[in-house]
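The values are calculated or read from the model by the stated rules, or taken from the named source; none is laboratory data. No experiment lies behind these values; they were computed from the predicted model shown. As a convention, Cβ positions derive from the backbone with ideal geometry for all residues, glycine included, and neighbour counts pool all protein chains shown. Surface accessibility is based on the protein's heavy atoms, side chains included, excluding ligands, DNA and RNA. Shrake-Rupley method; radii C 1.70, N 1.55, O 1.52, S 1.80 Å.
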Amino acid sequence: MNVKFIDVCNVFEKIEGIKSRNETTSCLAEFFKTLDTEDAQILSYLVLGRVAPSFVNSEFNYSEKSIVNLLEMYEKVEKRGSDIKKIREQTGDIGDTVYQVWSLFGSKEKSLALASVYDELWKIVNTTGNGSVDSKNAIVLKALKSFSPLEAKYFIRIICGSLRFGINYKTLLDVFSFVASDDKSVKESLNRAYGVCGDIGYICSKVVGFEKEKVIENLKTIEITPGIPVLSRLVERVQTFDEVFERLEAPIIVQPKFDGLRCQIHKYSMSDFTKSINVLWSRYIKKSEESGLFESQVDSTIVKLFTRNLEDVTEMFPEIVEDAKKINNDSFILDSEVLGWDGKDFLSFQDTMQRRRKYGIGDLKKDIPVKAMCFDILYLNSVPLYQKDTKERVEILSEFSTIGSIGKAETVEVSSSEELDRIFQENVQAGFEGVIVKQRPGEYLPGVRNYEWIKLKKSMMSSLVDTVDLVAVGYYRGSGRRANLGVGAVLGALYNEEDDVFEAICKVGTGISDDMLKQIKTSLEGDSVKDGLQNVKVPKSLKPDVLVYPKIVFTVEADEITKRIGNGDENIGCGLSLRFPRLVEWGRDKSPSDATSVKELSSMFENRKK
Ligand code: ATP
């Protein structure tokens, strides 16, 4: 039987009140067990505040301001005496505002099915172009009129992007394991499947309604598919060249370490895509230029570019798309790093990042051309390659013909620390950040970080610590000139994988220009939270002026990892802190759960002590 949207909202309400992650997992698992496949898929996207996976352009583009305006207009008609802006201020949350206002208006719940609400959500997504604000408002108001206050609350939170359960895909994979077997025993199969197919709804369709054995069998059939991003393989760090050979057997593979934007290049034909995978969202996606995925009957060859955060960045790099289409192979998946390129040299990371925008690409394309430097190949001419040894994949890549804005990493093999030192110095002199060394045997393990791939960066060699990726969980208003900008420093947190919480470790206020501070203010102010969040821990000594929802990842460099002197809260972030942290990049292409973990920073600290 089809589930009602109100049942989903009741579960959301329950989750909001739950403190422990395990309880959230089992609450969601019990609910998923009662759903049919399609409802379960819809729910798996909705819990993440979406209608499709993140690599499908399906944003609501609907702001809190729009809903406040809409409610004010409606109040003028209904005349219930509610002061919308005041309620918004008092509640501090757009969902709670709508709940209160809708309670006053006394609307009648029509018990819409989840699937019908999903249709409405897609209508909002697919309303674009001139006059879209009015059209979206009309859809939202019509939907609201058929909702109870609770349904209205969650509908609005979803479309305004403020459904803040702190649930990510990792939590959902845990949930699916409990759905299949009431424990975590299916997690490994789920991780593998999600690694090659980053579509949580598709994974869900292979779990719900099946017995454990069948689930495991189903998950095994999930294969790498061009058009669906693969989780990026990650790298470990070591301190010395000798340590590389303690970890890996000689000879090892060495490639330059490019400092740009991680980018997967997928080329495929639409007919092959639809034959190989049947995804729920493909029914809804606008068959137009905007979605890209299903466009163009004439030229059925599609090229898509994805970041390591599974974001579709195809529109950002049209020259790579053009050149990928020219390459003489029908289908492939390449793993690469995109860098600014002036025809002779690679540009700095900061210059490259200017290309990381979706609009106004025309001029930038001329001013800052880019080159995708491929270092791995995962799929070629309809054949998956990711399970082959790294050595074999690198050989296949060396035979692969690239052109124009698509190039290849130069790969060498070395057998001793001395040789590695020499190659490392050569690469640094050639302008690279260092090298990445790889073990010859071993498949491409999506999303995995282990010592089979190791980075050696020049910054790490000069006895500084490696850069650290922190999640912004608050900010300080600052004093003097900075007070006028509204932000003086940001509070950064590490990710604690075991407990799924963010643990604040330091205040970052250095290395930030005024323009950047303004940008930081804009990106954080909409995400402020009134009370503390269950999944964020802050030591008393670091209490910020404003707490924000953990969403943005930023990179810092520091002189040293230090131990914080606490007042009973030394356990937060293992009591670690950074000495003189400086901002390197704001708004990384990483999700909060991909930030540096407490475990990683602890092991960096221990290594440095040694
Ligand atoms: P993380 O370790 O989480 O990836 P990060 O994003 O700060 O942290 P870096 O310290 O820059 O990463 O080093 C790892 C990254 O280097 C890889 O994720 C990849 O994007 C990039 N990279 C550059 N050249 C290569 C290469 N030849 N092989 C593999 N990865 C490379």
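Some observations on this one:
- Region 304-361: trypsin sites (Lys or Arg not before Pro) in DSSP coil with no more than 10 other Cβ atoms inside 10 Å: Lys344
- If the convex hull is drawn through the Cα atoms of region 469-555, its volume per residue in Å³: 89 Å³
- Spatially close Lys pairs in region 197-284, defined by Cα atoms under 17 Å apart and a spacing of eight or more places or different chains, total 4.
- Extending 7 Å from the Cα toward the beta-carbon at both Thr301 and Lys14 defines two label points whose distance is 5.2 nm.
- Set of region 496-529 residues, backbone N closer than 16 Å to the point 7 Å along the Cα-Cβ line of Gln354: 516
- Among the trypsin sites (Lys or Arg not before Pro) in region 35-114, those placed in a DSSP loop whose Cβ has at most 12 other Cβ atoms within 10 Å are Lys79, Arg80, Lys108.
- The calculated FRET efficiency for the pair Ser603 and Ser271, based on their C-beta separation and a Förster distance of 60 Å, comes to about 0.80.
- Restricted to Cα atoms, the chain shows a radius of gyration and a Dmax of 24.8, 80 angstrom.
- If you plug the beta carbon distance of Ala115 and Ile403 into 1/(1 + (r/R0)^6) with R0 = 56 Å, you get a FRET efficiency near 0.75.
- Loop-resident sites, region 507-554, for trypsin sites (Lys or Arg not before Pro), counting at most 10 other Cβ within 10 Å (DSSP): Lys530
- Rounded FRET efficiency, nearest 0.05, which uses the C-beta distance separating Lys518 from Arg582 and R0 of 22 Å: 0.75
- Size descriptor, Kirkwood hydrodynamic radius, that averages inverse alpha-carbon separations across region 100-140, Å: 11.9 Å
- 4 °C / 1.567 mPa s Stokes-Einstein diffusion coefficient of region 389-493, Kirkwood radius on C-alpha pairs, µm²/s: 73 µm²/s
- Considering all C-alpha pairs of region 148-207, those separated by over 20 Å amount to 40%.
- Between the C-alpha center of region 549-597 and that of region 399-465 there is a gap of 26 Å.
- Convex hull per residue volume in Å³, alpha carbons only, for region 97-196: 142 Å³
- When the C-alpha to C-alpha distance is required to be over 28 Å, the pairs from Lys304/Lys599; Lys388/Lys455; Lys14/Lys110; Lys142/Lys358 that qualify are Lys304/Lys599; Lys142/Lys358.
- Descending principal axes extents, region 119-172, alpha-carbon based, whole Å: 38, 27, 17
- Radius of gyration and Dmax over the Cα atoms of region 49-160, both given in Å: 13.6, 43
- In order along region 155-164, the Karplus-derived 3J(HN,Hα) couplings, from 6.51 cos²θ - 1.76 cosθ + 1.60 at θ = phi - 60°, round to 4, 5, 4, 5, 6, 8, x, 10, 8, 9 Hz, and Gly and Pro are given as x.
- Cα convex hull of region 234-461 - mean projected area over all directions, nm²: 12.8 nm²
- Out of every Cα-Cα pair that region 480-610 contains, those further apart than 27 angstrom amount to 15 percent.
- When a 1.4 Å probe is rolled over the protein heavy atoms, the share of accessible surface on region 468-609 that falls to carbon and sulfur comes to 48 percent.
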